[in-house]
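Written below as structure tokens is the structure these notes are about.
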Amino acid sequence: MPPAFDPLANALSAPAATPETSPAPGRAMHILLAAPRGFCAGVDRAIKIVDLALEKFGAPVYIRHEIVHNRHVVDQLKAKGAIFVEELSEIPAGDRPVIFSAHGVPKSVPADALARRMFFLDATCPLVSKVHVEAERQHAEGRQIILIGHAGHPEVIGTMGQLPPGAVTLVQSIEDVEALPAEDGQRLAYVTQTTLSVDDTAAIVAALEMRFPGIAKPHKEDICYATTNRQEAVKAIVARAERLIVVGAPNSSNSVRLVELSTRAGCEAVLVQQASELSWAMFDGVSTIGITAGASAPEHLVQEVVAAFRQRFTVTIEDVVTRVERIAFNVPRVLRQPEASVDAPVVATTVVS
């Protein structure tokens, strides 16, 4: 079994009270290193599922959609024998494992896999599965579901696909809320995508509750702990930083939200997938920067950015820790058992209530 997940192991290695100084020449640059940052428990679990499937069943292992939104992670898994597809129809007939991504899938996808007699594993983040369960429960009680999220995002597609067509209405803004039809006696409930801006979502929820006072809300907030914690960490450093670097992919919702948060706070931010994408002109005359990473960005990419600064500046590093995360999710039982059969379709996920 892989070791317990601790996404801050590297981030907390140097105490904030004792800044680390680089011996490299050049003018001074102080780096505020946000923590928490990088991998969350759901991403860590999804990657472990692929690694364990490759170890247990050998290559190739097929994955529907990017397992997480980070091309470095995807490329590393490809090198081990993972094959990424967008549709199950692209997978040749046989008994090779098929894995669904951390973002979740519509119910039609596992149904299709069953029809094709595929051996499949569900790597959906348990916190996304929680939203699915909540939406289904509210629908079963006769409520129309309002989903706050971004159109076209895989998580939104997956959540809407848990219910029959027309049962879920997507809203992306306060203007969308204002445009919703108001019907007498209509019973409503809302759920949200897990990777949204905490502040933007609060404003949309307030608009929903003002327009529809009886609307039902989730038992627990749907925006996941990792998204909330990474936004909180950025808020703690942008007042001091002159620039913010977010390490993450452009299709990573939670990473893009960090850039937006910083920009709104008056701190210019840039999203990069790796150090080579940095434009050094933006740091002319700058003496303090912040660095963070989205929930699907591996820590080594952050350290590569730090190393690039060490090559150009005399660097001091201050860890700004707003919260310590110690959360782990189990992988499917079939990957934890000594022996497993691929004769029958398998689906496994963990739901956190």
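The values are calculated or read from the model by the stated rules, or taken from the named source; none is laboratory data. From a predicted model like this one, the values you see are computed outputs, not experimental measurements. Quick reminder, even Gly has a Cβ in these numbers, built from the backbone with ideal geometry, and neighbours come from all protein chains shown.
Structure notes:
- Only residues that are surrounded by fewer than 18 Cβ atoms within 10 Å (Cβ to Cβ) and either in the same structural domain as Val50 (by TED's automatic domain parsing) or among the aromatic types (Phe, Trp, Tyr) (or both) were counted in the range 112-136, giving 5.
- Test: residue in the range 269-286 that is hydroxyl-bearing (Ser, Thr, Tyr) and crowded, with 22+ Cβ neighbours inside 10 Å: no
- Number of positions in the range 138-192 that are surrounded by fewer than 15 Cβ atoms within 10 Å (Cβ to Cβ) and more than 27 Å from the chain's Cα centre (by Cα): 12
- Each residue in the range 131-169 was checked for being without any contact (Cβ under 8 Å) to a residue 40 or more places away in the chain and under 22 Å from His65 (Cα atoms), and 5 pass.
- Scanning the range 202-226 for residues that are among the small types (Gly, Ala, Ser) and assigned to a helix (DSSP H, G or I) yields Ala202, Ala203, Ala206, Ala207, Ala226.
- Complete set of residues in the range 199-231 that are of a type in the set (Asp, Glu), under 30 Å from Phe39 (Cα atoms) and surrounded by fewer than 20 Cβ atoms within 10 Å (Cβ to Cβ): Asp199, Asp200, Glu221
- Filter result for Ile223 (within 19 Å of Asn254 (Cα to Cα) and either in contact (Cβ under 8 Å) with a residue 12 or more places away in the chain or hydrophobic (A, V, I, L, M, F, W, C) (or both)): yes
- Flag for Thr195 being polar (S, T, N, Q), out of contact with any strand residue (DSSP E or B) (no Cβ under 9 Å at 6 or more places or on another chain), at pLDDT 95 or above and outside the structural domain of Asp51 (by TED's automatic domain parsing): yes
- Breaking point among (1) at pLDDT below 95; (2) in a strand (DSSP E or B), for Ile31: (1)
- Count of the range 285-320 residues which are hydrophobic (A, V, I, L, M, F, W, C), over 17 Å from Val247 (Cβ atoms) and in contact with a Pro (Cβ under 8 Å, 6 or more places away or on another chain): 0
- Restricting the range 247-268 to residues that are part of a loop (DSSP other than H, G, I, E, B) and touching a residue at least 24 places away in the same chain (Cβ under 8 Å) leaves a set whose member that is surrounded by the fewest Cβ atoms within 10 Å (Cβ to Cβ) is Gly266.
- Condition met for Ser255 (of a type in the set (S, T, N, Q) and over 15 Å from the mean Cα position of the chain (by Cα)): no
- Single match in Val105, Val73, Val109, Val85 (criterion: buried (at least 19 other Cβ atoms within 10 Å of the Cβ) and over 19 Å from the mean Cα position of the chain (by Cα)): Val109
- Considering the conditions (1) at negative phi; (2) in contact with a strand residue (DSSP E or B) (Cβ under 9 Å, 6 or more places away or on another chain), Val73 is excluded by exactly one of them, (2).
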